[in-house]
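Report on the structure given below.
FYI, it's all coordinate maths here, none of it is from the lab. All values derive from a computational prediction rather than experimental measurement. FYI the Cβ positions are ideal-geometry reconstructions off the backbone, even for glycines, and counts take in every protein chain you see.
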Amino acid sequence: MPCTTLLIGKKASYDGSTIIARNEDSPGGVFTPKKFVVIQPEDQPRHYRSVLSHVEIELPDDPMRYTSVPDATPKDGIWAEAGVNTANVAMSATETLTSNERVLGADPLVELVKAKGAPGEDGYEPEVAGGIGEEDMVTIVLPYARSAREGVELLGSYLERYGTYEMNGIAFSDVDEIWWMETVGGHHWIAKRVPDDCYVTMPNQLGIDDFDLTDALGEKVDHMCSADLAEWMDANHLDLSLDVVELVDGDEDEEADDLWPDANHRFFNPRDAFGSHSDSDHVYNTPRAWAMHRFLNPGLGWDDPNAGWNPEDDDIPWCMTPQRKLTIEDVKYALSLHYQGTPYDPYGNRGDASTRGAYRPIGINRNGQLAVIQIRPYAPESCRAIQWMAYGSNAFNALVPFFANVDATPEYLANTTPHVTTESFYWANRIIAAMADAHFNSCSRHIEHYNEAVTSKGHAFVAKYDRKVEGDGGAPLSYREATPVLEEANARIADMLREQTDKTLDDVLLTASLGMRNAFALSDH
């Protein structure tokens, strides 16, 4: 599954929140309808079986309630993708990653092996289950994690025990920390804490470009990994660092001190060791990281080939400190980018036919849903988590906030079916995008108004109901007391969203109809 992720540390965000965000995109030629729901503890499976890999896992008996963004038609499994639990821990899974032949040879992916023949026949070989994957991860981890670190540790234990059949990146957040986790081969993994003052850009490539292996195997302050990672890397010659320095505590070496901030630590570049640098990466992946950095850090000369990084560079940083604090609106714009202001914009007038559409956009027709999860330190715990949602192609949709501490989500976002209908937020946005794309210049003003109206009204609703939960000067409402209040807020937000979506659909339909090629100015008398 192609996706794009953006993570923002609490000192880099506009209000001190941790923010994790990801587009879930369908494969080429496929559109996967999505819905936004709440999973109650009684509905959480205790015995889990993956549809795709057939792996079976016994789950704990004490799950928390959590939000989820599953497929509307679960023929391939749940694919829960993103959510927040009642401990205000959020998870986004997954960003499909690339790897290289050395890694996959050293620790092959754990793929389903179908049975050969039938029981009792000569040569019969029973089925061998595969590992876990994107289909499974939110469901088997999020209901049980009480911190971002716990989420990493729990998923890591599953990866080491059951393996995985694909390379993935996973985000975990709580009110204090964001962790980014990457699977490496079939059973290995690494995780790095996002610096509080930084943002992270992740296209579909293994992204972490600096890792302290000593910390990961020791104190785990900012890094974690599978227990045997160092031995496995060394046995398979995976570390490509030219100047790795390994010293025991107490050794003194002036040259080593010049090489590393702490010469007693072993550092390496996971992107070099475990990632890929293929020709397809330079068309499909690295340009998206370049586009996000260009927007979030515009003063670094991204358009000057001699000053900064180019769209096809393999060393575009994994994380950077922004030039200013970043907002929810910045997240939406970054994850809707189609190379505006460059020769690569398929809707633009710069460049020519050879450049427009040369690179894979972030805001692509195959966006299925965007989940932006904001954990706010200043809000009462009972309304701390906001899950912003958008459906369909991000170049033509709007992002809307919903409180996560609820027992049910509004029908307008939960009622998605395989059948096209304007009664569904998902399908209404698909229809808007299909019409507006063909009439981009004349319809773009409608999309801008849609975004502004939904987001501004959404902010106002959040502020209003925050005050209600805060108790208007008294004690904040408890979780139980706050839940019906927040469900009322979400219902009112959904009503507003539907009104604005219907208006935009009306406006886009009229504009697109007037622009039809069989139009004729002369009317009947």
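Overview of values
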{"quantity": "Largest to smallest principal axis extent of the C-alpha atoms in region 89-171, angstrom", "calculated": "51, 31, 17"}
{"quantity": "For region 1-80: relative contact order, % (alpha-carbon pairs under 8 angstrom, 6 or more apart)", "calculated": "25 percent"}
{"quantity": "Amide N of region 127-148 lying under 15 Å from the label point, which is placed 7 angstrom from the Cα of residue 30 along Cα→Cβ", "calculated": "133-136"}
{"quantity": "Gain upon complete extension [residue 516, residue 310; 0.36 nm per residue less C-alpha separation]", "calculated": "70.3 nm"}
{"quantity": "Unpartnered cysteines - no second Cys beta carbon under 4.7 Å - across the chain", "calculated": "3, 225, 383, 443"}
{"quantity": "Square roots of five times the Cα gyration tensor eigenvalues for region 1-107, Å", "calculated": "23, 23, 17"}
{"quantity": "Residue 279 versus residue 115: modelled label distance in nm, points set 7 Å from Cα along the beta carbon direction", "calculated": "4.4 nm"}
{"quantity": "Separation between Cα centres of region 36-87 and region 441-469, rounded to whole Å", "calculated": "31 Å"}
{"quantity": "Sequence-separation-based contact order of the chain, relative, with Cα cut under 8 Å and 6+ spacing, percent", "calculated": "15 percent"}
{"quantity": "Compactness index (Cα Rg / 2.2 N^0.38 Å), region 274-325", "calculated": "1.14"}
{"quantity": "Computed label-point distance, nm, for sites residue 11 and residue 62 using a 7 Å Cα→Cβ extension", "calculated": "3.5 nm"}
{"quantity": "Cα lying deepest toward the dipole's positive end in the chain, options 327, 412, 399, charges on Cβ", "calculated": "412"}
{"quantity": "Theoretical ellipticity at 222 nm over the chain - DSSP helices of four or more residues, -39500 (n - 2.57) apiece, nearest 500", "calculated": "-9000 deg cm²/dmol"}
{"quantity": "Of the chymotrypsin sites (Phe, Trp or Tyr not before Pro) in region 357-418, those whose Cβ has at most 11 other Cβ within 10 Å and which sit in DSSP loop", "calculated": "378"}
{"quantity": "Contour excess over end-to-end distance, with Cα ends at residue 327 and residue 228 and 0.36 nm allotted per residue", "calculated": "31.7 nm"}
{"quantity": "Stretchable slack from residue 378 to residue 355, in nm (0.36 nm times residue separation minus alpha-carbon distance)", "calculated": "3.7 nm"}
{"quantity": "Percent of Cα-Cα distances greater than 29 Å, calculated over region 30-177", "calculated": "21 percent"}
{"quantity": "Those lysines that a straight Cα-Cα span of less than 23 Å connects to residue 457, excepting residues fewer than 8 apart in one chain", "calculated": "35, 325, 332, 468, 503"}
{"quantity": "Top positive-direction residue, dipole computed over region 151-222 with Cβ charges, set 200, 168, 179", "calculated": "168"}
{"quantity": "The chain - Rg and Dmax from Cα coordinates, angstrom", "calculated": "23.9, 96"}
{"quantity": "Rounded to the nearest 20 debye, dipole of the chain from Cβ charges on Lys, Arg, Asp, Glu", "calculated": "2980 debye"}
{"quantity": "For region 371-510, convex hull of alpha carbons as volume per residue, Å³", "calculated": "97 Å³"}
